[in-house]
Amino acid sequence: MLPTVQDKFYINGQWVKPKGADIIEIISPVTEEVCGKVPAGTTADIDDAVAAARAAFDQGPWPRMTVEERGAILLKVADYMQEHGEMTVKLISLEMGGPIKRMAPAAPMPALMIRKYVELSREFPFVETRQGLLGPALVLREPVGVVASITPWNGPLHLLLMKFAPALVAGCTMVSKPSPEAPLDAYVLAAACEAAGMPPGVFNLVPGGREVGEHLVRHRGVDKVAFTGSTAAGRRIGEICGHDLRRVSLELGGKSAAVALSDADPAKLAPRVVHQGLAFNSGQACAALTRVVVPRARQQEFVDAIQAEMAKLVTGDPSDPVTDVGPMVAERQRARVESYIEAGRSQGARLIQGGGRPAGLNRGWFVEPTLFADVDNHMKIAAEEIFGPVGVVIPYDGDDETAIAIANDSDYGLGGAVFSEDPVRGIAAARRIRTGTIGYNTFYIDPMLPFGGFKASGIGRENSREGLTLFTEVKTLEGVTEEML
Ligand code: NAD
């Protein structure tokens, strides 16, 4: 039995009753029926959670423990997550409709991520000796304080862990507000913290909607907001944090380009554009390669290769092990995707494949994997994030410079890839594209490589050493040398 019904929050190391009476019903994107329930957090619940995190940071042992002591507890959290890996994947698939075939291989990832951060924290320069012009100093990287984690539904646990693991190894405490669409998996992490004997108040969990999220963002007890979600919400959160001068990192939307130079191999590009692109997480992935920029003279060759790859995709029930593409997370999300498909048609893009609802799937918010060609980069389907299984092929005339200019002509800059048989040329083009992560003849999101956006895709880099840095404040302690410690 999956733990699909929760009636408490995790605050100050206790499972506590909600202060309000509202319930969040989690609707299965496959059956369109209620598949889980959690209490809806209120501002009063958030106040309690922040107070607990504040006390745990200001008076509790966590920030003052050694890296080894914190690491020992976090390794127990990792063990719990490993033991519950398969169950957690099923829970996430249930709440947001992700195909089990795609998600099961990622089951060990939460434990791996926590263990990697523990390893990283052992060699991270929390204390460094420096010689200034006027004297010696220690440069300290102290925990930033109480962190508010606000996460979306599309990769709920992984996106939370990208904040949880580095923040906690650094000595921060946290209040997590997962999305109302997919809050269940965060309960597994809270249970892991409890089982690991984490001190009270270090990790606190209160699910809720955007009003509750905004209350958390504005809270004077919060030192830093770590947000993943839409660019629209990110702008708003950035404004609030800018006003209050609260630290903030923003992981936002994208419209990433897969750029084929004139010598690119379609057999290398097509699988990436399908599996890390239009079908990546059923098209609901921030860094998906959804703009395919190809030489006009070879457009048909690339379209044929992508179509051949798309023909292998199975769309259907995400719990079926053969399914590659599941439903959209919500009815409104499907309506949004369909409105973009309509815009593509009406603005004159050539529909190559898909464009409708898959035959035989009468329940669930499914959309056919869809490909457009002859797309202009300024059309709505090329400029805006669709967040559904829709790819667009944009032909160009001219040389590598033209292709690079099209890739860069976007509000976003999150992911990308350059395809060329010449590594010197391909790498040179990749270096010219203004985006946080770019692959040469490949593309993947690696939880231990820096990840984040240029431009409207966000501020800051999560993952790896850069991700840990996000949860530290630099302090200069003058007049002190290492020998004095
Ligand atoms: P969303 O912005 O609507 O919501 C994300 C989270 O923020 C939810 O928990 C929501 O309740 C909360 N929220 C919304 N408005 C808020 C506000 N004003 N104050 C505080 N909290 C608020 O996004 P979504 O629809 O859940 O997720 C999809 C979006 O997330 C896409 O745009 C996608 O590109 C982006 N995303 C980005 C990354 C990345 O790492 N860059 C990863 C995954 C998803």
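The values are calculated or read from the model by the stated rules, or taken from the named source; none is laboratory data. Quick caveat, the model's predicted, so the values are computed rather than measured. All Cβ positions, even for glycine, are placed from backbone atoms using ideal geometry, and neighbour counts span all protein chains on display. In case anyone asks, the SASA skips ligands and DNA or RNA and just uses the protein heavy atoms, side chains included. Shrake-Rupley method; radii C 1.70, N 1.55, O 1.52, S 1.80 Å.
Taking the radius of gyration and the Kirkwood hydrodynamic radius from Cα positions alone, what is the Rg/Rh ratio for the range 350-420, to two decimal places?
On the way: Rg = 14.6 Å, Rh = 14.0 Å.
With Rh from the inverse mean 1/r over Cα pairs, Rg/Rh is 1.04.
Which FRET efficiency value, to the nearest 0.05, do you get for A104 and A311 by plugging their Cβ-Cβ distance into 1/(1 + (r/R0)^6) with R0 = 25 Å?
On the way: r = 23 Å, r/R0 = 0.93.
Calculated transfer efficiency: 0.60.
Report the GluC sites (Glu not before Pro) located in the range 319-348 that are in a DSSP loop and have at most 15 other Cβ atoms inside 10 Å of their Cβ, or state none. Don't skip to the end; give the middle numbers.
Numbers: sites: E331, E338, E342; in loops: none.
When the GluC sites (Glu not before Pro) of the range 319-348 are filtered for loop state and at most 15 Cβ neighbours within 10 Å, nothing remains.
Using only Cα atoms, find the angle between the long axis of helix 299-310 and the longest principal axis of the chain, and express it within 0 to 90 degrees, rounded to the nearest 10.
Tilt relative to the chain: about 60 degrees.
Count neighbours as other Cβ atoms within 10 Å of each site's Cβ, and list the GluC sites (Glu not before Pro) in the range 1-84 that are DSSP loop with at most 10 such neighbours. It would help to have the intermediate numbers written out before the result.
Values: sites: E25, E32, E33, E68, E69, E83; in loops: E32, E33.
Those that pass, being in a loop and sparsely packed, are E33.
Per residue, how much accessible surface does the range 256-447 expose to a 1.4 Å probe? Answer in Å², no decimals.
Numbers: 7270 Å² over 192 residues.
Result: 38 Å² per residue.
From the backbone phi of the range 124-135, what are the Karplus-calculated ³J(HN,Hα) couplings (6.51 cos²θ - 1.76 cosθ + 1.60, θ = phi - 60°) in whole Hz, Gly and Pro given as x?
Going residue by residue, I get 6, x, 5, 10, 10, 8, 10, 10, x, 6, 9, x Hz, with x marking Gly and Pro.
For the range 256-447, build the charge dipole from Cβ charges (+1 Lys, Arg; -1 Asp, Glu) around the Cα centre, then report which of P321, Q300, G360 sits farthest towards its positive end.
G360
Lys and Arg at +1, Asp and Glu at -1: add these up for the other residues within a Cβ distance under 11 Å of E181 and post the number. Provide the component values of the computation, followed by the final result.
Values: positive: R332; negative: E25, E95.
With Lys, Arg at +1 and Asp, Glu at -1, the neighbours total -1.
Residues in the range 250-270 near a label at E301, defined as backbone nitrogen under 14 Å from the 7 Å Cα→Cβ point?
Hits in the range 250-270 for E301 at 14 Å: 260-270.
So if each residue of separation counts as 0.36 nm, and I subtract the Cα-Cα distance between R465 and Q353, what length gain in nm does that give?
Between R465 and Q353, full extension yields 36.1 nm more.
If you stretched the chain out fully between E483 and M448, how much longer would it get, using 0.36 nm times the residue separation minus the C-alpha to C-alpha distance?
Details: separation 35, 0.36 × 35 = 12.60 nm, distance 3.37 nm.
Between E483 and M448, full extension yields an extra 9.2 nm.
Specify the inter-centroid distance of the range 243-298 and the range 139-161, based on alpha-carbon positions, in whole Å.
About 24 Å separates the Cα centre of the range 243-298 from the one of the range 139-161.
How large is ³J(HN,Hα) for each residue in the range 156-167, as worked out from phi by the Karplus curve 6.51 cos²θ - 1.76 cosθ + 1.60 (θ = phi - 60°), to whole Hz, x for Gly and Pro?
Result, ordered by residue: x, 6, 5, 5, 5, 5, 5, 9, 4, 5, x, 4 Hz.
Residues with beta-carbon under 15 Å from that of V325, excluding V325: net charge, scoring Lys, Arg +1 and Asp, Glu -1?
Working: positive: K101, R102, K312, R334, R357; negative: E309, D317, D320, D324, E368.
Value of the local net charge: 0.
Distance check, please: which entries in K8/K177; K163/K224; K90/K163; K37/K224 exceed 19 angstrom between their Cα atoms?
On the way: K8/K177 14 Å; K163/K224 11 Å; K90/K163 22 Å; K37/K224 29 Å.
Violating the 19 Å Cα-Cα cut-off are K90/K163; K37/K224.
Express as a percent, rounded to the nearest 5, the fraction of DSSP beta bridges in the range 256-447 (both residues included) that run antiparallel. Could you put the intermediate results ahead of the total?
Values: 3 of 22 bridges.
Within the range 256-447, antiparallel bridges account for around 15 percent of the total.
Considering only DSSP beta bridges where both residues belong to the range 366-485, give the percentage that are antiparallel (nearest 5). Numbers along the way, then the final one.
Values: 3 of 8 bridges.
So the antiparallel bridges amount to about 40 percent of the total.
Determine the share of the range 256-447's accessible area contributed by carbon and sulfur atoms, expressed in whole percent, with a 1.4 angstrom probe.
Values: 3590 of 7270 Å².
That share works out to 49 percent.
Please figure out what share of the DSSP beta bridges in the chain is antiparallel and state it in percent, rounded to the nearest 5. Spell out each step's value before the answer.
Numbers: 29 of 66 bridges.
Given both bridge residues lie in the chain, the antiparallel proportion sits at roughly 45 percent.
What Kirkwood hydrodynamic radius, in Å, does the range 256-447 give when the mean of 1/r is taken over all pairs of distinct Cα atoms and then inverted? Working shown, then result.
On the way: mean 1/r = 0.0612 Å⁻¹.
Its Kirkwood hydrodynamic radius stands at 16.3 Å.
Please state the charge dipole magnitude for the chain, taken about the Cα centre, from unit charges on C-beta atoms (+1 on K and R, -1 on D and E), reported in debye and rounded to the nearest 20. Walk me through the intermediate numbers first.
Details: 49 positive and 59 negative charges, 92 e Å.
Charge dipole of the chain: 440 debye, to the nearest 20.
Taking the dipole about the Cα centre of the chain, with the C-beta of Lys and Arg at +1 and of Asp and Glu at -1, give me whichever of F443, S176, G277 is farthest to the positive side.
Positive-most Cα among the choices belongs to S176.
Working out 0.36 nm times the residue gap between L140 and L75, then minus their Cα-Cα distance, what length gain in nm do you get to one decimal? Before the final figure, lay out each step's value.
Working: separation 65, 0.36 × 65 = 23.40 nm, distance 2.46 nm.
Full extension of this stretch gives 20.9 nm more.
7 Å from Cα along Cα→Cβ at both E421 and R220: what's the point-to-point distance in nm?
Label-label distance for E421 and R220, simple model: 6.7 nm.
Can you pull the one-decimal nm distance between simple spin-label points at R210 and D244, each 7 Å off the Cα toward Cβ?
1.8
If you wrap a convex hull around the alpha carbons of the chain, what volume per residue comes out, as a whole number of Å³? Mind dumping the intermediate values first?
Details: hull volume 72.3 nm³, N = 485.
Considering the Cα atoms of the chain, their hull volume per residue is 149 Å³.
Let me know the longest stretch in the chain that avoids all trypsin sites (Lys or Arg not before Pro) found in a DSSP loop with at most 11 other C-beta atoms within 10 Å. Please report the intermediate quantities before stating the final value.
On the way: sites that count: R220, K312.
Maximal segment without exposed cleavage sites: 1-219.
How large is the dipole of the range 256-447 about the Cα centre if only Lys and Arg carry +1 and Asp and Glu carry -1, each at its Cβ, rounded to the nearest 20 debye?
Numbers: 18 positive and 25 negative charges, 76 e Å.
I would put it at about 360 debye.
Could I have the simple spin-label model distance between N408 and V34, label points 7 Å from Cα toward Cβ, reported in nm to one decimal?
5.3
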